[in-house]
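Just so it is clear, none of the values below were taken in a lab; they were calculated from the coordinates. Predicted model only: the values in this text are computed from it and were never measured. Note: ideal-geometry Cβ built from the backbone for every residue, glycine included; neighbour counts use all protein chains shown.
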Ligand SMILES: C[S@@+](CC[C@H](N)C(=O)[O-])C[C@H]1O[C@@H](n2cnc3c(N)ncnc32)[C@H](O)[C@@H]1O
């Protein structure tokens, strides 16, 4: 039985071994649909598609991160694009080490290990070496890949890296995560003729299919403002319980220092806007974006934009202080990306041209500069201390 959606014309055909892998994951998810009475809420489908042990997209061997479809990768993240991202972030983390009186990093969801490797090198070069770099990663396959990336790029520093199985009781220093929140399962909701339903997954005619069911519990609070929409205006959107729970769970362990998260998304007012009526759920396969999460589960990424008002509330409710919220472009400019570019030799074309092209992508409003945001929380750092990344253009008031 082929449970996945038929392949859209524009997407490449996966290799037979990948198709077999996807078929096994689809059967695993189909068993979960059957066990739950024929309907799975979408967040559970997304969790299995991405993280089912040994089968999910992040838990198994797909290449995932990279610059080109020809590498077998599906999407590129800022650290994969250029070391410029890590080098700029290192300047900010150097300040955090001083404020926190602790030169430690705890990275969540370290992907290929690129950010960890480049940060360790950049922190050392900046004169603020990291004493201990901890990684909290759900995927065993990625842990192995991270170790290899760091051992290759920074062999003299790999001894400072520790992979954690459980969160520590307390941590002082910088906790960071790039594009981690967007990879957390979301619940999907639809408003049809003024009535809210939850979107979930069933099996119809031998394939995964959408089914909308009447709400069991109350409507999530975040969606209440949408009730003002005209009854005839249908609306589909998502809520981010897992991402908020993640922030609530890591906040208490920050004894002194900063939690800094980078991701694409908007504050609630922009997210739950009348004109964003199709939601932000998106899938990535071989650098092509589409909106069908039933296309070959396990072979493609599934993601949703982050709703930062909920993330800010989760951090503050958990006792952290909101230190800043701004666009990625503003954060990188404030943290000195242009002076780092200025240190490059323009006659060394092999280094200079890729660095300027990457800077354009990281900073441009039309690329990652505006859609991506940086949010930072702190605890136990001097009240008058301000992170340079938010020195101009802080948008905390929009949350
Ligand atoms: C989109 S990838 C980003 C990878 C990397 N940070 C980068 O920027 O290239 C999402 C990462 O988050 C990890 N992840 C998802 N949920 C997590 C959680 N609750 N704790 C730690 N890592 C998580 C995934 O396994 C994956 O490594």
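Along its principal axes, region 1-47 has C-alpha extents of 33, 20, 19 angstrom, given from the largest down.
Taking only the Cα atoms of region 119-211, the radius of gyration and Dmax are 20.9, 62 Å. Pairwise inverse Cα distances across the chain, averaged and inverted, put the Kirkwood hydrodynamic radius at 22.0 Å.
How long are the semi-axes of the equivalent ellipsoid of region 150-201, taking √(5λ) for every eigenvalue λ of the Cα gyration tensor, in whole Å from largest down?
Ellipsoid semi-axes (Å, largest first): 42, 15, 10.
Here 134, 197 are placed in order of increasing Cβ neighbour count within 10 Å, fewest first, which gives 197, 134. Each 10 Å bin, from zero up to the one with the longest distance, holds this percent of the alpha carbon pairs of region 233-315: 16, 38, 32, 12, 1.
Alpha carbon centre of region 178-229 versus region 33-61: separation in Å? Centre-to-centre (Cα) distance: 16 Å.
Test of understanding: in a Gaussian network model of the chain with alpha carbons linked when under 10 Å, which of 365, 321, 238 would top the mean-square fluctuation ranking? Greatest mean-square fluctuation among the candidates belongs to 365. Across region 55-98, Cα-Cα distances exceeding 17 Å account for 51% of all pairs. Per-residue ellipticity at 222 nm from helix content only, as computed over the chain with -39500 (n - 2.57) for each DSSP H run of at least four residues, stands at -10000 deg cm²/dmol.
With all pairs of different C-alpha atoms in the average, the Kirkwood value for the hydrodynamic radius of region 262-399 is 17.2 Å.
One quarter of the convex hull surface, Cα atoms only: what value does that give for region 87-170 in nm²?
If I average the Cα hull's projected area over directions, I get 5.1 nm².
To two decimal places, what compactness ratio does region 1-97 give when its Cα radius of gyration is scaled by 2.2 N^0.38 Å? Before the final figure, lay out each step's value.
On the way: Rg = 18.0 Å, N = 97, 2.2 N^0.38 = 12.5 Å.
Computed over Cα atoms of region 1-97, the ratio equals 1.44.
The stretch between residue 349 and residue 278 holds 21.2 nm of extra length on full extension. This uses 0.36 nm per residue minus the Cα-Cα distance.
Between 359, 31, 190, the residue with the greatest mean-square fluctuation in the GNM of the chain (Cα pairs under 10 Å linked by springs) is 31. Classify region 36-177 from the C-alpha gyration tensor, please: rounded if a/c falls under 1.5, else prolate or oblate depending on whether a/b exceeds b/c. Prolate is the answer for region 36-177, as a/c is 1.5 or above and a/b outweighs b/c.
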